[in-house]
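A.B. asks: Dropping a structure here in structure tokens format, bear with me for questions.
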Amino acid sequence: MSDHAVRVPASGTVHWVGAGLSTGSGLARLCDTADRVRLWHRTEDRAADALARLGLTGRAEPRAFTLPALTAELAPGDIVVSMLPAPEHAGILAACIREQAHFGCSSYVSDAVLEQVPAATAAGLVVLTEAGLDPGIDHLFAHCLVGRAREAIGDDTAASYSLTSYCGGVPAIPNSFRYRFSWAPAGVLNALRSPARYLKDGAETVAERPWEVTRRHVVDGETFEVYPNRDSVPFVEQYGLPPAWKPQTFVRGTLRLEGWLRAWDAVFEELKAGDDAQIAALAGELAAAYPTTDTDRDRVVLAVSLDVRGGEGQSWSGSYLLDLVGDKEESAMARCVSRPLALGVRHILDGSLPAGLNRAAETAARSEEWLRELALEGLEFTLRVDQ
């Protein structure tokens, strides 16, 4: 934070922008905490409908979203939570900086957001990112595991390690497609078209088509299929792994039900051959063929494991598992994304998050605190440690 910047005190007003599939009970938690909450959606009627669905009629104010309309209502110290697609975040953040408002989202930090962080920091504003499920809770699990392993093994002890972090939203009752769309099909398909970089056998590896390196992965006795996504390598430093420890495996990726690879074979053929227009058309076809309904139930599985082996017979292994099924009140995905994000926003409200860029909790100690708070709110997970 700049020597000259003073953190702008939170005003107590939260603007929650978007009420899609990931907006759940986290919004209700904020209605309990904030002085005022406004829900911005495509139209005021749709915002009001979303509030009614969440049981929040009268507890938050419905608004029709446009960026000028939002900007006109911002006051210094307000907090804007963007649940819109990631490309929309940069424009909203720019408006926040102009109006001296804090910003939060659950998405990965984009270059367009990152380049605005110095201005936000100098203005005393919090920029909260990667505070949902994945990214978000996965970071908390990883920081806690690394912190426990460092205490057990020691930072200066020569060791090798394997860290895997796999997350997936799947149908609670398996279907023939072995999948349930918990976000836009176009986003799912385009993620599969993006190369993945990770560490395997101690070396950097790139999978141009991530699904082609799908493998079996057993979690708590159940077999899933997993593949790497995005770029795992920068998280070695972000998670604070000691330089004296050498990675054998370091991969952050996606988890799917067993049989997913076979069930999606025709989709993969189109991904290999299709252009942007064909992929967009395919996304539309899949959305129509496999709609998300109010009666089906989703399941979220997040499994993070760390295994450390020292040269003198020292070893430490630990794992976190979150395995939740949605209910008629909300989907598991909405619960797992919205509750940690709302927790982060509450930490902006109480002044405990510093100005500048924050990714969920960025130390083992803070991650332990966040997990304790989430557990008290009923977000269940298990920790296993073997030494």
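A.B. asks: Could you look through segment 53-73, keep only residues that are out of contact with any strand residue (DSSP E or B) (no Cβ under 9 Å at 6 or more places or on another chain) and assigned to a helix (DSSP H, G or I), and pick out the one that is most open to solvent (accessible area, probe 1.4 Å)?
C.D. replies: Going through the qualifying residues, I end up with ARG53.
A.B. asks: Please pick out the residue among ARG359, ARG339 that is closer than 25 Å to LEU21 by Cβ, surrounded by 21 or more Cβ atoms within 10 Å (Cβ to Cβ), of a type in the set (D, E, K, R) and in contact (Cβ under 8 Å) with a residue 40 or more places away in the chain.
C.D. replies: Testing whether each residue is closer than 25 Å to LEU21 by Cβ, surrounded by 21 or more Cβ atoms within 10 Å (Cβ to Cβ), of a type in the set (D, E, K, R) and in contact (Cβ under 8 Å) with a residue 40 or more places away in the chain leaves just ARG339.
A.B. asks: Please determine, by comparing only the residues of segment 20-42 that are in a strand (DSSP E or B) and of a type in the set (D, E, K, R), which one is nearest to the chain's Cα centre (by Cα).
C.D. replies: Result: ARG38.
A.B. asks: To continue, here is another question. Quick one: count up the residues across segment 334-387 that are of a type in the set (Gly, Ala, Ser), within 30 Å of ARG309 (Cα to Cα) and part of a loop (DSSP other than H, G, I, E, B).
C.D. replies: So the answer is 2.
A.B. asks: Please enumerate the residues belonging to segment 318-332 that are within 20 Å of TYR166 (Cβ to Cβ) and surrounded by fewer than 18 Cβ atoms within 10 Å (Cβ to Cβ).
C.D. replies: Hits for segment 318-332 are LEU321, ASP323, VAL325.
A.B. asks: Looking at segment 121-134, which of its residues are surrounded by fewer than 24 Cβ atoms within 10 Å (Cβ to Cβ) and either of a type in the set (Ser, Thr, Tyr) or not in a strand (DSSP E or B) (or both)?
C.D. replies: Listed by number, the residues that qualify are THR121, ALA122, ALA123, GLY124, GLU130.
A.B. asks: Looking at segment 96-120 only, could you name the residues that are among the aliphatic types (A, V, I, L, M), modelled with pLDDT of 95 or more and in a loop (DSSP other than H, G, I, E, B)?
C.D. replies: Once the filter is applied, which keeps residues that are among the aliphatic types (A, V, I, L, M), modelled with pLDDT of 95 or more and in a loop (DSSP other than H, G, I, E, B), segment 96-120 yields only ALA101.
A.B. asks: Name the residues in segment 176-203 that are open to solvent by 20 Å² or more (accessible area, probe 1.4 Å), in contact (Cβ under 8 Å) with a residue 24 or more places away in the chain and assigned to a loop (DSSP other than H, G, I, E, B), would you?
C.D. replies: SER176, ARG178, ARG180, TRP183, ALA184, ARG193, SER194, ASP201, GLY202
A.B. asks: Further, regarding this structure: Count, please, the residues in segment 147-175 that happen to be in contact with a strand residue (DSSP E or B) (Cβ under 7 Å, 6 or more places away or on another chain) and either in a strand (DSSP E or B) or without any contact (Cβ under 8 Å) to a residue 40 or more places away in the chain (or both).
C.D. replies: Result for segment 147-175: 13.
A.B. asks: Go through the residues of segment 242-249 one by one and say whether even a single one is open to solvent by 60 Å² or more (accessible area, probe 1.4 Å) and either of a type in the set (A, V, I, L, M, F, W, C) or part of a helix (DSSP H, G or I) (or both).
C.D. replies: Looking only at segment 242-249, we keep the residues that are open to solvent by 60 Å² or more (accessible area, probe 1.4 Å), and these are 243, 246, 248.
This time we only want the ones that are either of a type in the set (A, V, I, L, M, F, W, C) or part of a helix (DSSP H, G or I) (or both), so: none.
Within segment 242-249, not a single residue is open to solvent by 60 Å² or more (accessible area, probe 1.4 Å) and either of a type in the set (A, V, I, L, M, F, W, C) or part of a helix (DSSP H, G or I) (or both).
A.B. asks: List the helices (runs of 4 or more DSSP H) inside segment 250-306, counting only whole elements, that have at least 3 residues being under 27 Å from GLU222 (Cα atoms).
C.D. replies: It comes to 260-263, 265-273.
The values are calculated or read from the model by the stated rules, or taken from the named source; none is laboratory data. Since the model is a prediction, treat every value here as computed from it, not as a measurement. Heads up, the Cβs are rebuilt from the backbone with ideal geometry, glycines too, and the neighbour counts pull from every protein chain shown. Each accessible area value is taken on the protein alone, full model and side chains, heavy atoms only, with ligands, DNA and RNA left out. Shrake-Rupley method; radii C 1.70, N 1.55, O 1.52, S 1.80 Å.
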